[in-house]
1. Scan segment 178-195 and tell me whether some residue there is more than 30 Å from VAL52 (Cα to Cα) and modelled with pLDDT of 75 or more.
2. Kindly establish whether ALA120 is among the small types (Gly, Ala, Ser), modelled with pLDDT of 70 or more and within 30 Å of GLU63 (Cβ to Cβ).
3. Could you check, for segment 153-173, whether at least one of its residues is of a type outside the set (S, T, N, Q) and over 18 Å from ILE22 (Cα atoms)?
4. Cβ contacts < 8 Å: first residue in contact (Cβ under 8 Å) with a residue 12 or more places away in the chain and under 15 Å from MET13 (Cβ atoms), restricted to segment 143-157; second residue of a type in the set (S, T, N, Q) and not in a loop (DSSP other than H, G, I, E, B), any location; separation 6+ or different chain. Result?
5. Residue check, GLY173 against (1) small (Gly, Ala, Ser); (2) within 30 Å of LYS55 (Cα to Cα); (3) more than 12 Å from the chain's Cα centre (by Cα), all met but one. Which one?
6. Restricting attention to segment 5-15, does a residue exist that is of a type in the set (A, V, I, L, M, F, W, C), buried (at least 18 other Cβ atoms within 10 Å of the Cβ) and without any contact (Cβ under 8 Å) to a residue 40 or more places away in the chain?
7. When residues of segment 41-94 are filtered for being farther than 26 Å from ASP189 by Cα, loosely packed, with under 13 Cβ neighbours inside 10 Å and at pLDDT 80 or above, how many remain?
8. Can you name the helices (runs of 4 or more DSSP H) wholly within segment 144-199 that have at least 3 residues being within 14 Å of PHE32 (Cα to Cα)?
Amino acid sequence: MAGGGLVALPTAMIQAGFWTGILLSFLMTLIFMFTSKALGRNWVILRRRWPVYQKHCRQPYPEIGRRAMGKWMGNVVSICVDINQSLFDANISFCVLLVILAICLLPITFLNSPQDFWLAAVFAVTTTSLAVILICIGSLLDFGECRQHHSIPEFRITNFFLAVGTLLFAYGGHPAFPTIQNDMRKPEDFEKSSLLSFS
């Protein structure tokens, strides 16, 4: 698991209260590890029972829902994933940046599946790792000067819910998991990669 959510975790820890934040993060890690493992097993079972999924599947998450509870559930899952991935804050002040980003990402949308743009995932992991390293170095360099001004904010229930939202965002990659697993050489090994990414 790598991305913007990982970089936002320290803020969530402070918002929830340090020890509560650590406990909450640990608990969410366990929950999301379990659910990603269950999701991976579901896809392996689906591929075993319906050989048509041995080949490429464009929308594996809705297909899991469709095979589990019928066509209507496939539609519900598809709508939920689409809503989840398309909602954003309407107060975007960087409109031009958004257009530039859309133009840059447009060619990627023409690719068939994540199997075709694996280099983007490597780039994302590398840049996230670099960001974490730079944040740690910056924290160490500023520690002496900032220590005297440091304070932990008072616990507020609204901050706690903000922290929960940030943690859900940080660990919420589940809609992409079946697609990633579908493109693996050995989809049965998704459990291993899932456990490794969460640990």
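1. No, there is no match, as no residue in segment 178-195 is more than 30 Å from VAL52 (Cα to Cα) and modelled with pLDDT of 75 or more.
2. Against the criterion (among the small types (Gly, Ala, Ser), modelled with pLDDT of 70 or more and within 30 Å of GLU63 (Cβ to Cβ)), ALA120 qualifies.
3. Checking segment 153-173: at least one residue is of a type outside the set (S, T, N, Q) and over 18 Å from ILE22 (Cα atoms).
4. If the second residue must be of a type in the set (S, T, N, Q) and not in a loop (DSSP other than H, G, I, E, B), the pairs left are PRO153/GLN15; PRO153/ASN159; PHE155/THR20.
5. Condition (3) is where GLY173 drops out.
6. Within segment 5-15, none of the residues are of a type in the set (A, V, I, L, M, F, W, C), buried (at least 18 other Cβ atoms within 10 Å of the Cβ) and without any contact (Cβ under 8 Å) to a residue 40 or more places away in the chain.
7. Final tally of qualifying residues: 4.
8. Ranges flagged: 157-171, 190-198.
The values are calculated or read from the model by the stated rules, or taken from the named source; none is laboratory data. Predicted model, so just to flag it, every value in this text is computed and none were measured. FYI the Cβ positions are ideal-geometry reconstructions off the backbone, even for glycines, and counts take in every protein chain you see.
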